[in-house]
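K.L.:
Let me begin by handing over the structure; questions about it come next.
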Amino acid sequence: MQTIILQNLSKTYSGGRQAVRQISLALDPGEVYGFLGPNGAGKTTTVKLLNGTLTPSGGSCRVYGIDPSAEPAKAHAHTGVVTEHAQMYDNLTGIENLLFYASVFGLSPSDSRTRAAALLRQLDLKDAADKKLSAYSTGMRQRLSLARALIHRPEVLFLDEPTSGLDPESAQNVNQMIRDLAETEGITVFLCTHQLRYAQEVCTRYGLIDEGRLLASGTLHELQKAIMPELPLIVRAEHMPHRLPFQQAGGENIYQASIRTEDEIPSLVRQIIEGGGDVYSVEVKHPSLEEIYFTLTRDRKRTENAEKTPGIQQAREEGKERTI
Amino acid sequence: MNHAITAVIKKDFRGITANRRLFLSLLIVPIVLTVFLPGMFITIAHFMPEDEDLQMLLELLPRSSWASTMELTVTGLIFNNILPVFFLMIPIMASSIMAASSFVGEKEKHTLETLLYSPLTLGQIFQAKILASFLMSMTVSLISFVVMLTVVELEVFLLMGTLLLPSANWPVILLLLSPAVSMIAVTLIVRGSAKAQSVEESQQGAVFMIIPVLLLIVGQFTGVLLVSLWILLGLSLLCVLLALFLLKKAAGRFTYEMLLQ
Ligand SMILES: Nc1ncnc2c1ncn2[C@@H]1O[C@H](COP(=O)(O)OP(=O)(O)OP(=O)(O)O)[C@@H](O)[C@H]1O
Ligand SMILES: [Mg+2]
């Protein structure tokens, strides 16, 4: 069964702001989906739609087979949510908070205790368990939020910026935990973030969103093929034959060519050798998620500008006609 | 009752008792109304000079409220007809303090959103919030009653050498009218506070609840409204029905979206 399904999901806020436009996608159990986009792209809005705290203005969505806008409470029994605005009680300690949410989610007292203790240990909060939350740092709060979201063993986990306040070590620890949960327990993770490097470490698939539109979706490989179809091939060689499609790049004896697939490499290398060149190293530069993301957003800006200009010219011409 | 709802109620109770400022403001009104005012009234009744006008006024009263001396008649009147009205004020005050902070407090501290992601429906969250405020106000008002009874009986015994007998007004007020009025106040304030953006704003809304009770007190003092037991009983039952209706409709047409604004 697909755990998260969006069909043409749209949301227009009462002020007229179209925060989410016609997004469709489906996630399988065990997937970690990185939902990436700049500020105001519509990520948090999508998470709220998927949790039923907002009602879609168009399209529909299903989480674990339940329509969250129709039966939010039922859907929440299967989901865990971490968002920056979902805080816990400052006047309670870490463990008291967890036990409170455990009982709200219907766990038995003994189960709650073992579960809370295990999560505090996993998230490195054991020493802080009996401290009041008012004495927690931002990073500790975020880790406790993750523990809170996992307390009832949810099948679907929504994470909105879960690592933004964490130090690199904790972030890595949390990422490892998320990946383990997805791999061993088959939890579906919907992860919104700006930290593209961390995203690349944990996610199995990505969606790039801007101004409410899903611009691209797929694995790193699929995105690369769609957005940056040409891969740079870097060759270090002496006596490079001139007629080959290589260009000098950077230092001496470093050459670069663009290829579409790795299948092109053997024949290119053969041609260098046959033309009298000596090859020392051959390397394909796979773009990082960051590079793909920037290429995509840059391309978009360019096409937008291109769209705007003809409009202006047309308006001018119309103006001219009238004066004549 | 639902396990999860009980958990929310317990948590809200702790939230109040752990907050010293809130807890003190919860206690100050009951202390004034159950210790100072009754003490003062009885002292005045004791040291009041024998006055003919007052004597004539008292003779207008039904025979059932006459006691052996004028002093005891006045004290009995205060005890059975004026003090019970305080037990409408106490639960309204107590519940408004708690109810006002229940939604808005959670909104301000960003804990409401977390609660909304729980498997409780909006209706259940409203019910939990209402019950917590209601139980708190009933606890405060029962403790206040015990304190007041002790203070009044002790003072009357020391000054006049006898004890007062509570009239039938007391059980009707304490067990019917006061819980019903407090439930009405709580549901209205919780609904209002769900919309309000700050604790102050929602407490201002609560002030309106006090006005009818103040009128009742003024009425009692001036003798315009010497409510008979049957009218009191009927009024109480009406309030109970209204309270139950409001409790059922508590969540009303609220949506998550309205609460998170
Ligand atoms: N309650 C609201 N009412 C009106 N407009 C809103 C509301 N919440 C968000 N928006 C608008 O919707 C758009 C998407 O917001 P959203 O919070 O989903 O962005 P985001 O992708 O989560 O951004 P960020 O990376 O900054 O968290 C923004 O333009 C924002 O101004
Ligand atoms: Mg956001």
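K.L.:
In this structure, is residue A:161 free of Cβ contacts under 8 Å to residues at least 40 places away in the same chain and within 26 Å of the chain's Cα centre (by Cα)? Walk me through how you get there before you give the answer.
P.N.:
Details: free of Cβ contacts under 8 Å to residues at least 40 places away in the same chain: no; within 26 Å of the chain's Cα centre (by Cα): yes.
Considered against the rule, which asks whether it is free of Cβ contacts under 8 Å to residues at least 40 places away in the same chain and within 26 Å of the chain's Cα centre (by Cα), residue A:161 comes out as no.
One line per residue, one yes/no per condition, for (1) surrounded by 15 or more Cβ atoms within 10 Å (Cβ to Cβ); (2) at pLDDT 90 or above; (3) within 16 Å of the chain's Cα centre (by Cα); (4) farther than 30 Å from residue A:21 by Cβ:
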site: A:205; (1), (2), (3), (4): yes, yes, yes, no
site: A:229; (1), (2), (3), (4): no, no, no, no
site: A:238; (1), (2), (3), (4): no, no, no, yes
site: A:250; (1), (2), (3), (4): no, no, no, yes
site: A:262; (1), (2), (3), (4): no, no, no, yes
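K.L.:
Something else about it: Name the residue that is nearest to the other protein chains (Cβ to nearest Cβ), counting only residues in the range A:207-227 that are under 13 Å from the mean Cα position of the chain (by Cα), within 16 Å of ligand 2 (Cβ to nearest atom) and within 17 Å of residue A:298 (Cβ to Cβ).
P.N.:
Within the range A:207-227, the match that is nearest to the other protein chains (Cβ to nearest Cβ) is A:209.
K.L.:
Filter the range A:264-281 down to the residues that are under 23 Å from residue A:222 (Cα atoms) and either touching a residue at least 12 places away in the same chain (Cβ under 8 Å) or surrounded by 11 or more Cβ atoms within 10 Å (Cβ to Cβ) (or both) and list them by number.
P.N.:
Scanning the range A:264-281 gives A:264, A:265.
K.L.:
Anything in the range A:79-100 that is facing chain B (nearest Cβ under 10 Å), aliphatic (A, V, I, L, M) and touching a residue at least 24 places away in the same chain (Cβ under 8 Å)? List them, or say none.
P.N.:
Once the filter is applied, which keeps residues that are facing chain B (nearest Cβ under 10 Å), aliphatic (A, V, I, L, M) and touching a residue at least 24 places away in the same chain (Cβ under 8 Å), the range A:79-100 yields A:81, A:82, A:86, A:88, A:92.
K.L.:
Looking at (1) within 16 Å of ligand 2 (Cβ to nearest atom); (2) on the phi > 0 side of the Ramachandran plot, find the lone condition where residue A:239 falls short.
P.N.:
Every condition holds for residue A:239 apart from (1).
K.L.:
Among the listed residues A:9, A:49, which satisfies the condition of being buried (at least 19 other Cβ atoms within 10 Å of the Cβ) and within 14 Å of another protein chain (Cβ to nearest Cβ)?
P.N.:
A:49
K.L.:
Could you tell me which residue of the range A:111-132 is nearest to residue A:74 (Cα to Cα), considering only residues that are surrounded by fewer than 20 Cβ atoms within 10 Å (Cβ to Cβ) and within 14 Å of another protein chain (Cβ to nearest Cβ)?
P.N.:
Only one residue tops the list, namely A:111.
K.L.:
Related question: Starting from the range B:17-44, take each residue that is touching a residue at least 24 places away in the same chain (Cβ under 8 Å) and list its partners that are among the small types (Gly, Ala, Ser) and crowded, with 16+ Cβ neighbours inside 10 Å, counting only C-beta distances under 7 angstrom and pairs at least six apart or across chains.
P.N.:
That search, which allows pairs on different chains as well, returns B:22/B:101; B:26/B:94; B:30/B:144; B:34/B:144.
K.L.:
Select from the range A:26-58 the residues that are away from ligand 2 (no atom under 16 Å from the Cβ) and either among the charged types (D, E, K, R) or on the phi < 0 side of the Ramachandran plot (or both) and list them in ascending order.
P.N.:
A:26, A:27, A:28, A:29, A:31, A:32, A:55, A:56, A:57, A:58 - these are the residues of the range A:26-58 that are away from ligand 2 (no atom under 16 Å from the Cβ) and either among the charged types (D, E, K, R) or on the phi < 0 side of the Ramachandran plot (or both).
K.L.:
Also, quick follow-up: Hey, can you tell me all the residues within the range B:82-110 that are buried (at least 23 other Cβ atoms within 10 Å of the Cβ) and within 14 Å of another protein chain (Cβ to nearest Cβ)?
P.N.:
Passing the criteria: B:102, B:106.
K.L.:
Can you find even one residue in the range A:167-182 that is in a loop (DSSP other than H, G, I, E, B) and not basic (Lys, Arg)?
P.N.:
For the range A:167-182, residues in a loop (DSSP other than H, G, I, E, B) and not basic (Lys, Arg): present.
K.L.:
Checking the condition at pLDDT below 85, of a type in the set (Phe, Trp, Tyr) and in a helix (DSSP H, G or I), which residue from B:23, B:36, B:13 passes? It would help to see each step written out before you state the result.
P.N.:
Numbers: B:36 fails: at pLDDT below 85; B:13 fails: at pLDDT below 85.
Among B:23, B:36, B:13, only B:23 is at pLDDT below 85, of a type in the set (Phe, Trp, Tyr) and in a helix (DSSP H, G or I).
K.L.:
Could I ask something else about it? Taking the range B:1-26 only, how many residues are more than 9 Å from chain A (Cβ to nearest Cβ), of a type in the set (A, V, I, L, M) and loosely packed, with under 15 Cβ neighbours inside 10 Å?
P.N.:
Of the residues in that region, 2 qualify.
K.L.:
Go through the residues of the range A:34-41 one by one and say whether even a single one is within 14 Å of chain B (Cβ to nearest Cβ) and either within 12 Å of ligand 1 (Cβ to nearest atom) or buried (at least 18 other Cβ atoms within 10 Å of the Cβ) (or both).
P.N.:
no
K.L.:
Is it the case that residue A:178 is hydrophobic (A, V, I, L, M, F, W, C), under 27 Å from residue A:304 (Cβ atoms) and touching a helix residue (DSSP H, G or I) at 6+ places or on another chain (Cβ under 8 Å)?
P.N.:
Against the criterion (hydrophobic (A, V, I, L, M, F, W, C), under 27 Å from residue A:304 (Cβ atoms) and touching a helix residue (DSSP H, G or I) at 6+ places or on another chain (Cβ under 8 Å)), residue A:178 does not qualify.
K.L.:
Out of curiosity, is residue B:103 modelled with pLDDT of 80 or more and aromatic (Phe, Trp, Tyr)?
P.N.:
Against the criterion (modelled with pLDDT of 80 or more and aromatic (Phe, Trp, Tyr)), residue B:103 does not qualify.
K.L.:
Only one of A:103, A:145, A:69 is free of Cβ contacts under 8 Å to residues at least 12 places away in the same chain and either within 27 Å of residue A:3 (Cβ to Cβ) or within 14 Å of chain B (Cβ to nearest Cβ) (or both). Can you tell me which?
P.N.:
Checking each option against the conditions leaves just A:103.
The values are calculated or read from the model by the stated rules, or taken from the named source; none is laboratory data. Owing to the predicted nature of the structure, the values given are computational and were not obtained by experimental measurement. Quick reminder, even Gly has a Cβ in these numbers, built from the backbone with ideal geometry, and neighbours come from all protein chains shown.
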